[in-house]
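Asks: First, the structure itself, so that you have it in front of you.
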Amino acid sequence: MNNLTNILMSHASTKRFPKEVYPTRIYTLLKEQGYDPDSLKYIHITGSKGKGSLAFTSFELLKKSSIKTGLFISPHIFDIRERFITEQGMISEEELFNLMNKFTELFQNNDLHFFEICLFLALVYFLDTKCEYAVLEVGVGGRFDPTNFCCPEVSLLGHISIEHKDFLGNTIEEIAYDKAGIIKKDIMALSVNQNPVVKKILEGQGLVYFIDDIITINNLTYNNQGKSKFDLIITANNSQIVITDIILNRVGEANIMNFVLAVAGVYHCLPNLSDEIIYDVAQQKIPYRMDLVREDVLIDTSHNGQSFDNLMKSLDRMEWRDIVFYVTILEGKELDDIVEVLKKYKHLFAKIICFDFESDAQKMSNGLGLYNLLKDDINSEYVANITEIRLEKTSKKVFAGSFYSIPLIMDLINHQN
């Protein structure tokens, strides 16, 4: 079968519309085609970092509770079918191909963007397969995102920081206001702890609780691989839920915060969520989010200053030193915050190798730009194409940066094992 991503992209438009119309376009088309998106229950997720972890954890908790659930995320890494998941796994190639063909004329007549087409197909698939819940991760921002048609059971917000200035605004206030748009009046919203400016903006949008408001983590310990064990207490509706001895098979404090926030969100939807299911989901790794793929290789999809800071804190806690750090960033990302973090933690590095890459996603990388900002302060090298990298044999190795580089990174690791 021909490449499904290319087929779908061939149907996509780049025509721009007033941003205010995006939350209604897909909803309206679904209704016109005889689908009722209001029949699904939603968990709606935004943030600058952590959306994928929140979405994956929420989905797995619902799925293991025998709730028919759909998961819609972006971007995909290896296969476009990663955007269309139910408790049965990814949609089959045949099912996706047939759905694309069924609605080709609709896509073209309405100048739908790539993300909108994916969202439309995901919701049709979830409705056709009789899902009860859909976990929706926003594309960019929140307020004007195509996913923001839904009235969710709960909204979840990961850490918010400067990103996508071309879409969301030039200040943290503008960006926070855009992401706060998924908060609906009188509907529970749960957020990781945010800086005071962001927190004030979120609180002004509706019923928002932060981790410090409802969650207590006790007896937290880490092993030498950065994984954690802790007791979790969730306080809500004048009652307490206590889950002891959770062992989380994910590296880093940020993963802990995203995990407990998702647990609290699903508890709001399913008050009878069992401890056994929480323990089970805690054992599941999330690929490429501080993922220790080998004892000497860690991969993360850090792409802004805050996520790089989270990664560096985790590496420091794991006492990784003399790291060879391989990093790339997509063109258009904010480099200054990332550079500041890398300079702050330069004691961790033997060397930083900045690289560029080419991918089918038509996204340009800017490893050279990052290298030019680092080279005078940190031992750095630049490699024009990832395929030219030769892995250091004896050092700890960390890869970070764009989702779109992951297939190339894994190919590199597997072929230089």
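Asks: Only residues that are part of a strand (DSSP E or B), under 12 Å from the mean Cα position of the chain (by Cα) and over 12 Å from residue 134 (Cα atoms): list them for the range 49-92, please.
Replies: 49
Asks: Being in a loop (DSSP other than H, G, I, E, B) and not basic (Lys, Arg), is that true of even one residue in the range 259-270? First the steps, then the outcome.
Replies: Residues of the range 259-270 in a loop (DSSP other than H, G, I, E, B): 270.
So of that shortlist, the ones also not basic (Lys, Arg) come out as 270.
The answer is yes, given that some residue of the range 259-270 is in a loop (DSSP other than H, G, I, E, B) and not basic (Lys, Arg).
Asks: Restricting attention to the range 34-92, and to residues there that are polar (S, T, N, Q) and more than 20 Å from residue 275 (Cα to Cα), which single residue is surrounded by the most Cβ atoms within 10 Å (Cβ to Cβ)? Give the derivation first.
Replies: Looking only at the range 34-92, we keep the residues that are polar (S, T, N, Q), and these are 39, 46, 48, 53, 57-58, 65-66, 69, 74, 86, 88, 92.
Checking which are more than 20 Å from residue 275 (Cα to Cα) leaves us with 39, 46, 48, 74, 86, 88, 92.
Numbers: 39: 11, 46: 31, 48: 25, 74: 21, 86: 20, 88: 10, 92: 12.
Looking at residues that are polar (S, T, N, Q) and more than 20 Å from residue 275 (Cα to Cα), I get 46.
Asks: Across the range 210-258, what is the number of residues that are more than 21 Å from residue 194 (Cα to Cα) and either among the β-branched types (Val, Ile, Thr) or in contact with a His (Cβ under 9 Å, 6 or more places away or on another chain) (or both)?
Replies: Final tally of qualifying residues: 7.
Asks: Just name the residue that is nearest to residue 250 (Cα to Cα) out of those in the range 182-198 that are touching a helix residue (DSSP H, G or I) at 6+ places or on another chain (Cβ under 9 Å) and surrounded by fewer than 18 Cβ atoms within 10 Å (Cβ to Cβ). Explain how you work it out, then say what you get.
Replies: The first filter runs over the range 182-198 and keeps only residues touching a helix residue (DSSP H, G or I) at 6+ places or on another chain (Cβ under 9 Å), leaving 183, 188-195, 197-198.
This time we only want the ones that are surrounded by fewer than 18 Cβ atoms within 10 Å (Cβ to Cβ), so: 193, 195, 197.
Details: 193: 19, 195: 24, 197: 29 Å.
Result: 193.
Asks: Continuing with this model, one more query. Hey, any hits in the range 12-25 for a residue that's modelled with pLDDT of 95 or more, more than 20 Å from residue 151 (Cα to Cα), assigned by TED's automatic domain parsing to the domain that holds residue 121 and surrounded by 14 or more Cβ atoms within 10 Å (Cβ to Cβ)?
Replies: No, the range 12-25 contains no residue that is modelled with pLDDT of 95 or more, more than 20 Å from residue 151 (Cα to Cα), assigned by TED's automatic domain parsing to the domain that holds residue 121 and surrounded by 14 or more Cβ atoms within 10 Å (Cβ to Cβ).
Asks: For the range 387-412, enumerate the residues that are in contact (Cβ under 8 Å) with a residue 60 or more places away in the chain and of a type in the set (D, E, K, R).
Replies: Passing the criteria: 392, 396, 397.
Asks: Which one is surrounded by the most Cβ atoms within 10 Å (Cβ to Cβ), of the residues in the range 93-151 that are of a type in the set (Lys, Arg) and assigned to a loop (DSSP other than H, G, I, E, B)?
Replies: Initial filter on the range 93-151 (of a type in the set (Lys, Arg)): 102, 130, 143.
From what is left, the residues that are assigned to a loop (DSSP other than H, G, I, E, B) are 130, 143.
On the way: 130: 9, 143: 20.
Selected residue: 143.
Asks: Determine which single condition residue 350 fails, assuming it passes every other condition in (1) in contact with a Leu (Cβ under 8 Å, 6 or more places away or on another chain); (2) modelled with pLDDT of 95 or more; (3) farther than 27 Å from residue 53 by Cβ.
Replies: That leaves (1) as the condition not met.
Asks: Would you check if there is a residue in the range 310-328 being at pLDDT below 90 and under 30 Å from residue 10 (Cβ atoms)?
Replies: No, the range 310-328 contains no residue that is at pLDDT below 90 and under 30 Å from residue 10 (Cβ atoms).
Asks: Checking residue 371 against (1) hydroxyl-bearing (Ser, Thr, Tyr); (2) over 29 Å from residue 256 (Cα atoms); (3) at pLDDT 95 or above; (4) in contact with a Leu (Cβ under 9 Å, 6 or more places away or on another chain): exactly one of these is not met. Which one?
Replies: Unmet condition: (4).
Asks: Name the single residue that is farthest from residue 314 (Cα to Cα) among those in the range 381-402 being touching a strand residue (DSSP E or B) at 6+ places or on another chain (Cβ under 6 Å) and modelled with pLDDT under 90. Show your work before the answer.
Replies: Kept after step one, since they are touching a strand residue (DSSP E or B) at 6+ places or on another chain (Cβ under 6 Å), are these residues of the range 381-402: 381-383, 386, 389, 392, 395-402.
With the extra rule that they be modelled with pLDDT under 90, the set shrinks to 392, 395, 401-402.
Numbers: 392: 21, 395: 17, 401: 16, 402: 19 Å.
Filtering the range 381-402 for residues that are touching a strand residue (DSSP E or B) at 6+ places or on another chain (Cβ under 6 Å) and modelled with pLDDT under 90, the one farthest from residue 314 (Cα to Cα) comes out as 392.
Asks: Moving to a separate point now. Kindly list, by first and then second residue, each pair from a residue in the range 30-44 that is in the same structural domain as residue 86 (by TED's automatic domain parsing) and within 20 Å of residue 156 (Cα to Cα) to a residue that is of a type in the set (Phe, Trp, Tyr) and surrounded by fewer than 12 Cβ atoms within 10 Å (Cβ to Cβ), limited to pairs with Cβ atoms under 6 Å and residues at least 6 apart or on different chains.
Replies: none
Asks: Name the residues in the range 215-237 that are small (Gly, Ala, Ser) and over 25 Å from the mean Cα position of the chain (by Cα), would you? Talk me through it step by step, then tell me what you get.
Replies: Going residue by residue through the range 215-237, those that are small (Gly, Ala, Ser) are 226, 228, 236.
236 - this is the single residue of the range 215-237 that is small (Gly, Ala, Ser) and over 25 Å from the mean Cα position of the chain (by Cα).
Asks: Among the listed residues 395, 359, 405, identify the single one that is in the same structural domain as residue 296 (by TED's automatic domain parsing), under 19 Å from residue 294 (Cα atoms), under 24 Å from the mean Cα position of the chain (by Cα) and among the polar types (S, T, N, Q). Give the derivation first.
Replies: Numbers: 395 fails: under 24 Å from the mean Cα position of the chain (by Cα); 359 fails: under 19 Å from residue 294 (Cα atoms).
Within the list 395, 359, 405, the selection yields 405.
Asks: Of the residues that sit in the range 328-365 and are in contact (Cβ under 8 Å) with a residue 60 or more places away in the chain and of a type in the set (Val, Ile, Thr), which one is nearest to residue 378 (Cα to Cα)?
Replies: The residue in question is 328.
Asks: Quick test for you: out of 272, 310, pick the one residue that is polar (S, T, N, Q) and more than 19 Å from the chain's Cα centre (by Cα).
Replies: Criteria check complete, one pass: 272.
The values are calculated or read from the model by the stated rules, or taken from the named source; none is laboratory data. Small disclaimer: the values here were computed from a predicted structure and weren't measured. For neighbour counting, all protein chains shown are included, and Cβ atoms are generated from backbone atoms with ideal geometry for every residue, glycine included.
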